[in-house]
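What follows is a set of notes on a single structure, which appears directly below.
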Amino acid sequence: MYDELKEEEIVRKVGGRFKLSTLIQKRMVQLNKGARPLVETNIDDKMAIVLQEILQDKIYLDTSSNVAVAGSPDFDDTPELNLDDL
């Protein structure tokens, strides 16, 4: 079990458990398709990467329930974040 999931902070940050599970699932799909992590890490555990991206406010669900990157100009035009083909 991931300790981050035991804390209510991550649930509040995303806006609820359903949104959290949706965000995790969609971001995991992106990483499995080859998207780059948005956090610096030496680990290969994709779940841990997603949790850190959420905790560091790198990703969120937009109003259409798609994964969006929070205001980072380095990633604004990243093509692998387009989920229209799912």
For this session: Starting from residues that are among the polar types (S, T, N, Q) and assigned to a loop (DSSP other than H, G, I, E, B), keep the ones in the stretch 50-64 and report whichever is farthest from ILE10 (Cα to Cα).
Result: SER64
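Inside the stretch 25-43, can you point out the residues that are free of Cβ contacts under 8 Å to residues at least 24 places away in the same chain and either loosely packed, with under 15 Cβ neighbours inside 10 Å or of a type in the set (A, V, I, L, M) (or both)?
GLN25, MET28, LEU31, ASN32, VAL39, GLU40, THR41, ASN42, ILE43
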Problem set entry | Cβ-Cβ under 7 Å pairs, at least 6 apart or on other chains, the stretch 1-24 side acidic (Asp, Glu), far side part of a helix (DSSP H, G or I) | GLU4/ILE10; GLU4/LEU51; GLU4/LEU55
Problem set entry | Hits in the stretch 53-75 (condition: closer than 22 Å to TYR2 by Cβ and either more than 13 Å from the chain's Cα centre (by Cα) or free of Cβ contacts under 8 Å to residues at least 24 places away in the same chain (or both)) | GLN56, LYS58, ALA70
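Restricting to the stretch 4-49, name every residue that is polar (S, T, N, Q) and in a helix (DSSP H, G or I).
Hits for the stretch 4-49 are SER21, THR22, GLN25, GLN30, ASN32.
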Problem set entry | Looking only at the stretch 1-48, and only at residues there that are of a type in the set (S, T, N, Q) and at pLDDT 90 or above, the one that is farthest from the chain's Cα centre (by Cα) | ASN32
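The values are calculated or read from the model by the stated rules, or taken from the named source; none is laboratory data. What you see is a predicted model; the values in this text were computed from it and never measured. Positions of Cβ are generated from backbone atoms using ideal geometry, with glycine treated the same way; all protein chains shown enter the neighbour counts.
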